């Protein structure tokens, strides 16, 4: 029994040089496909060149790890222990980036164990899905910021209600002894409806006496890298 256990622990992969190169070569090829998928799906939004290059490297590194581990129980346990003490603190700016990270790891595992069919077919399907859903963009939100005299707050609220009804979401109302500031959140669709009126919301608000400013700010969820 003891000899059998030692044989299992001492067992190492018997891969040839050609097999190792094939594993890494397929990993590089699919990693480059992931690179182009990320580039295309993030075009015009957040695009991080360093992160994209890291996806290719992660694919190859995962394939290397799986090739080394093979059926070696001791190495696999050691690798799990080594990775358990590593903490990655890279901020994920786009929720899609998480999917790309999992994609590269899974491809690396498949290539490392020589299962190229699963890696290829799965990557082709994910590639198509990422390109399709990469066209989905968050709707920009519009903030309407108005500051005016406090004694005219009902007039300001009345005009905003007249233009947007209950669809203008009041986010902030700051007041002092003499002034009041409103911050309303609007969807792009709601904001565009008022464009059909003869008088813009800005002109209507400035007709109120002593209104200091009317600011329209486009807000989105993207964080520049």
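Listing for the model above:
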read-out	value
Residue 126 vs. criteria modelled with pLDDT of 85 or more and outside any helix (DSSP H, G or I)	no
Yes/no for residue 182 being assigned by TED's automatic domain parsing to the domain that holds residue 213, within 17 Å of residue 204 (Cβ to Cβ) and outside any strand (DSSP E or B)	no
Lone unmet requirement of (1) touching a helix residue (DSSP H, G or I) at 6+ places or on another chain (Cβ under 9 Å); (2) modelled with pLDDT of 85 or more; (3) not assigned by TED's automatic domain parsing to the domain that holds residue 51 for residue 105	(3)
Residue match in segment 59-80 (condition: surrounded by 13 or more Cβ atoms within 10 Å (Cβ to Cβ), at pLDDT below 85 and under 30 Å from residue 211 (Cα atoms))	no
Which listed residue, of 184, 164, is touching a strand residue (DSSP E or B) at 6+ places or on another chain (Cβ under 7 Å) and touching a residue at least 40 places away in the same chain (Cβ under 8 Å)	184
Test for residue 170: is it more than 14 Å from residue 206 (Cα to Cα) and touching a residue at least 40 places away in the same chain (Cβ under 8 Å)	no
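The values are calculated or read from the model by the stated rules, or taken from the named source; none is laboratory data. Since the model is a prediction, treat every value here as computed from it, not as a measurement. Heads up, the Cβs are rebuilt from the backbone with ideal geometry, glycines too, and the neighbour counts pull from every protein chain shown.
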